[in-house]
Amino acid sequence: QVQLVESGGGLVQAGGSLRLSCAASGRTVSMYAMGWFRQAPGKEREFVVDIRWGNGMTNYADSVKGRFTISRDNAKNTVYLQINSLKPEDTAVYYCAGRQRWGIRTDPGDFDYWGQGTQVTVSS
């Protein structure tokens with residue numbers, strides 16, 4: 001099993017920045033990729049970005065390209081999500097997720113492991 005723990009959420013003004021972290025523990029070698037989803041109130045969970053452990057290849061949702069940057073530290077089994085130029089519509093619970101499935105995946109059902117979520121609130 002794999003455990004994922006997020007940190008770094010909070011309340012920030014529009015235009016500000018945040019960095020989220022997700023530390024993985026357990027059988028991390030089983031994971032092919034890790035990434036982030038978000039879920040705003042009353043909306044479905046939405047894919048944001050993920051990164052492959054092996055070659056660092058990334059896949060971003062079109063809605064976040066240019067403002068969100070994912071990175072990884074293999075030695076620490078940690079991924080980071082840098083969010084710049086925050087907008088009120090970025091307000092959501094951000095979930096870290098990991099998967100064993102190969103290739104490009106964006107459906108929540110394709111991800112095997114989930115963190116508890118961290119709240120990001122952007123005030124206007």
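The values are calculated or read from the model by the stated rules, or taken from the named source; none is laboratory data. Given the structure is predicted, the values throughout are model-derived calculations rather than measurements. We place every Cβ from the backbone using ideal geometry, glycine too, and count neighbours over all the protein chains shown. To get the accessible areas, we keep the full protein, side chains included, count just its heavy atoms, and leave off ligands, DNA and RNA. Shrake-Rupley method; radii C 1.70, N 1.55, O 1.52, S 1.80 Å.
Could you check the range 77-102 and list, in sequence order, the residues that are of a type outside the set (Asp, Glu) and either open to solvent by 40 Å² or more (accessible area, probe 1.4 Å) or at pLDDT below 95 (or both)?
First pass over the range 77-102, keeping only residues of a type outside the set (Asp, Glu): 77-88, 91-102.
Within the range 77-102, Asn77, Gln82, Asn84, Ser85, Lys87, Pro88, Gln100, Arg101, Trp102 qualify.
Quick check on my filter: what residues within the range 47-66 are under 11 Å from the mean Cα position of the chain (by Cα) and either under 13 Å from Ala97 (Cα atoms) or loosely packed, with under 11 Cβ neighbours inside 10 Å (or both)?
Phe47, Val48, Val49, Asp50, Ile51 - these are the residues of the range 47-66 that are under 11 Å from the mean Cα position of the chain (by Cα) and either under 13 Å from Ala97 (Cα atoms) or loosely packed, with under 11 Cβ neighbours inside 10 Å (or both).
Determine whether Ala40 is at pLDDT 95 or above and of a type outside the set (Val, Ile, Thr). If you could, list the steps in order and put the result at the bottom.
Numbers: at pLDDT 95 or above: yes; of a type outside the set (Val, Ile, Thr): yes.
Answer is yes for this residue.
Mind checking whether some residue in the range 32-46 is aliphatic (A, V, I, L, M), farther than 15 Å from Gly115 by Cβ and under 12 Å from the mean Cα position of the chain (by Cα)? Steps first, answer last, please.
Taking the range 32-46 first, the residues aliphatic (A, V, I, L, M) are 33-34, 40.
Next cut, farther than 15 Å from Gly115 by Cβ only: 40.
When the remaining residues are screened for being under 12 Å from the mean Cα position of the chain (by Cα), the result is none.
Checked against the condition, which is being aliphatic (A, V, I, L, M), farther than 15 Å from Gly115 by Cβ and under 12 Å from the mean Cα position of the chain (by Cα), the range 32-46 yields no hits at all.
In the range 15-29, how many are in contact with a strand residue (DSSP E or B) (Cβ under 7 Å, 6 or more places away or on another chain) and open to solvent by less than 50 Å² (accessible area, probe 1.4 Å)? Steps first, please.
Here is the first cut: in the range 15-29, the residues in contact with a strand residue (DSSP E or B) (Cβ under 7 Å, 6 or more places away or on another chain) are 17-28.
Within this subset, residues satisfying the condition of being open to solvent by less than 50 Å² (accessible area, probe 1.4 Å) are 18, 20-24, 28.
Qualifying residue count for the region: 7.
One line per residue, one yes/no per condition, for (1) of a type in the set (Phe, Trp, Tyr); (2) without any contact (Cβ under 8 Å) to a residue 40 or more places away in the chain; (3) out of contact with any helix residue (DSSP H, G or I) (no Cβ under 9 Å at 6 or more places or on another chain):
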site: Leu11; (1), (2), (3): no, no, yes
site: Gly35; (1), (2), (3): no, no, yes
site: Arg52; (1), (2), (3): no, yes, yes
site: Lys65; (1), (2), (3): no, yes, yes
site: Thr69; (1), (2), (3): no, yes, yes
site: Asn74; (1), (2), (3): no, yes, yes
site: Trp102; (1), (2), (3): yes, no, yes
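Determine which member of the set Arg67, Arg52, Arg72, Arg101 is within 25 Å of Gln13 (Cα to Cα) and of a type in the set (Lys, Arg). Explain how you work it out, then say what you get.
Details: Arg52 fails: within 25 Å of Gln13 (Cα to Cα); Arg72 fails: within 25 Å of Gln13 (Cα to Cα); Arg101 fails: within 25 Å of Gln13 (Cα to Cα).
Residue meeting the stated conditions: Arg67.
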